[in-house]
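As structure tokens, the structure follows; a few thoughts come after it.
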Amino acid sequence: MNIGAAARATGLSARMIRYYERMGLVPGVARGTAGYRRYTDNDLHRLRFIRQARELGFPLPDIATLLDLWDDASRHSADVKRMADRHIRTLRERMEDLRRMIDALQTLVDSCAGDDRPECPILAGLGREPRDDVLPTRHARTTPGRAASTEPASRPCRRRAAGPSTSASG
């Protein structure tokens, strides 16, 4: 089967298939007499495995390890379970990060009147030094010995002109 047919059969693009080959996840793909890749049923099975692992968010190094375990008939399922449990913890951390971002952004949006005034609490909030009580982040920067201001740093919103300036000065 050529790469186009393999792409259709696995739900991957030909480009991704070639990438996974370069990364060593699909080793030793046979070549036909004209030099075109020829995919076997085993190659397709491996590509489907990779696609499903990627859809679950596994990074490529973990997928390589999972493939090694899959190929190893003497593997221990405990090793696979340990990897899956670790990945679940990572996904939960990412979900918590997303919840924090949503909450912080929602706080800023709730503080915005959304009218024609130039004051913009959203821009002011984005422009201030990160603080866990206002914009919680996992990577908050702090300056030792310096207290953070509790007052919002409000600046007027700047509007961008849609085109070249048409003011008559001169």
Next on the checklist: Condition first: touching a residue at least 40 places away in the same chain (Cβ under 8 Å) and under 10 Å from D43 (Cβ atoms). Now tell me which residues in the stretch 1-26 satisfy that.
Outcome noted: M1, A6, T10
Checklist entry - So which residues in the stretch 1-17 are among the basic types (K, R) and under 16 Å from I63 (Cβ atoms)? => result none
Next on the checklist: Tally up the residues in the stretch 39-81 that are within 23 Å of A6 (Cβ to Cβ), of a type in the set (A, V, I, L, M, F, W, C) and over 23 Å from the mean Cα position of the chain (by Cα), please.
Outcome noted: 2
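One line per residue, one yes/no per condition, for (1) modelled with pLDDT of 95 or more; (2) touching a Leu at 6+ places or on another chain (Cβ under 6 Å); (3) not charged (D, E, K, R):
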{"position": "R31", "(1), (2), (3)": "no, no, no"}
{"position": "A34", "(1), (2), (3)": "no, no, yes"}
{"position": "Y39", "(1), (2), (3)": "no, no, yes"}
{"position": "D62", "(1), (2), (3)": "yes, no, no"}
{"position": "A78", "(1), (2), (3)": "yes, no, yes"}
{"position": "D85", "(1), (2), (3)": "yes, no, no"}
{"position": "M101", "(1), (2), (3)": "no, no, yes"}
{"position": "L105", "(1), (2), (3)": "no, no, yes"}
{"position": "C120", "(1), (2), (3)": "no, no, yes"}
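The values are calculated or read from the model by the stated rules, or taken from the named source; none is laboratory data. Keep in mind that what you see is a predicted model, and the values were worked out from it rather than measured. Virtual Cβ from ideal backbone geometry, glycine too; neighbours counted across all protein chains shown.
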